[in-house]
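**Q** Once you've had a glance at the structure underneath, I'll fire off some questions.
The values are calculated or read from the model by the stated rules, or taken from the named source; none is laboratory data. Everything numeric here is computed off the predicted structure, so don't read it as measured data. As a convention, Cβ positions derive from the backbone with ideal geometry for all residues, glycine included, and neighbour counts pool all protein chains shown. Protein only, heavy atoms only, side chains kept; ligands, DNA and RNA dropped before computing areas. Shrake-Rupley method; radii C 1.70, N 1.55, O 1.52, S 1.80 Å.
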Amino acid sequence: MNNDYKRKVINIQIDGVILKGNLVIPKNPIGLVIFSHGSGSSRLSPRNNFVAEVLRKNDLATLLFDLLTEDEDSVYKNRFDIDLLTLRLIDVTQWVQQQKETKNLSLGYFGASTGAASALRAAAFYEKTIKAVVSRGGQPDLALNDINKITAATLIIVGGNDEVVIELNEKAYQKLQCQRKLEIIPNASHLFEESGKLNEVAQISASWFAMYL
C-alpha cells in the first residue's frame, strides 16, 4: 500500500464537449478503475470518492469524471439517458487508452445506481478490454439486453434492506455468463449510509479489482 499519488484535474474532450475528471494514480498501480456515477451525481460524489480513496490505498488508480456537462445535466431526462451515458463511458475509456500514463493499465468499472447500467453496457461493448466490474446498488435491469455479453468478472453489491433492488439485481445476476458474485450487505439501505457499510462496499470492491486487474 502507498499514499504517494499523482493527482490531476483533467479535461476530456470528446464529441465536441469537454468532460471534467479527476485522475489519481498511485506509485505502482495494478490497474485503473473508471467510475460511472448515478443520476444527479458527479465526479465530486462523496460516496464514490470515499470508495476511490480505499481503492487507491490498494494500489489502484482511479478516474472519476462527469458523464454530462453542466448544461446537459440541467436537462433532467439526460440523467436517465442510459444510451448517452454508456456512449460517454465508452468514449472516455477510449481516451484513457490513448493517454501515456494510463494506456498500459488494465481497466475496470465501478458503477453506482443508474451508473451501474452504463458500466455494464460499456463492459459488454468492450468485452475483454474491461477486466472487472463492480455494481453498487445498481439498476442492472437497464442493461439486461447486453448483460450476457459481458466477459469482465462482475461483482454485484446490494444493501440487504433494499428489497426492490435486490430482486432486480438477482435477475441480472442469473443472466451473467462471466465470473460473477452477488454480495448482499446485511442491514444496509440503497445508499449504504449506515455506519461502516460504505467501507464494507469499498473493501470488497478493492479486493475484487485487485484479484481481476
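**Q** Wholly within segment 1-84, which strands (runs of 3 or more DSSP E) include no fewer than the required count, namely at least 3 residues that are more than 24 Å from Ala123 (Cβ to Cβ) and over 14 Å from the mean Cα position of the chain (by Cα)?
**A** So the answer is 6-14.
**Q** Also, quick follow-up: For segment 141-153, what are the residues that are more than 11 Å from Ser118 (Cβ to Cβ) and outside any strand (DSSP E or B)?
**A** Passing the criteria: Asp141, Leu144, Asn145, Ile147, Asn148, Lys149, Ile150, Thr151, Ala152.
**Q** Moving to a separate point now. Return the total of residues in segment 40-53 being touching a helix residue (DSSP H, G or I) at 6+ places or on another chain (Cβ under 7 Å) and surrounded by 18 or more Cβ atoms within 10 Å (Cβ to Cβ). Break it down stepwise before answering.
**A** Of segment 40-53, the ones touching a helix residue (DSSP H, G or I) at 6+ places or on another chain (Cβ under 7 Å) are 40, 47, 50-51.
From what's left, surrounded by 18 or more Cβ atoms within 10 Å (Cβ to Cβ): 47, 51.
The number of residues fulfilling the criteria is 2.
**Q** Scan Arg121, Arg88 and give me the residue that is open to solvent by 30 Å² or more (accessible area, probe 1.4 Å) and assigned to a helix (DSSP H, G or I).
**A** Arg121
**Q** Out of the residues in segment 106-137 meeting the condition of being more than 10 Å from the chain's Cα centre (by Cα) and within 20 Å of Leu198 (Cα to Cα), tell me which one is modelled with the lowest pLDDT.
**A** Looking at residues that are more than 10 Å from the chain's Cα centre (by Cα) and within 20 Å of Leu198 (Cα to Cα), I get Thr114.
**Q** Another question, then. List the residue pairs whose Cβ atoms are under 8 Å apart, where the first residue sits in segment 165-190 and is buried (at least 17 other Cβ atoms within 10 Å of the Cβ), the second is among the aromatic types (Phe, Trp, Tyr), and the two are 6 or more positions apart or on different chains.
**A** Final answer for the pair search is Arg180/Tyr173; Leu182/Tyr173; Ile185/Phe192.
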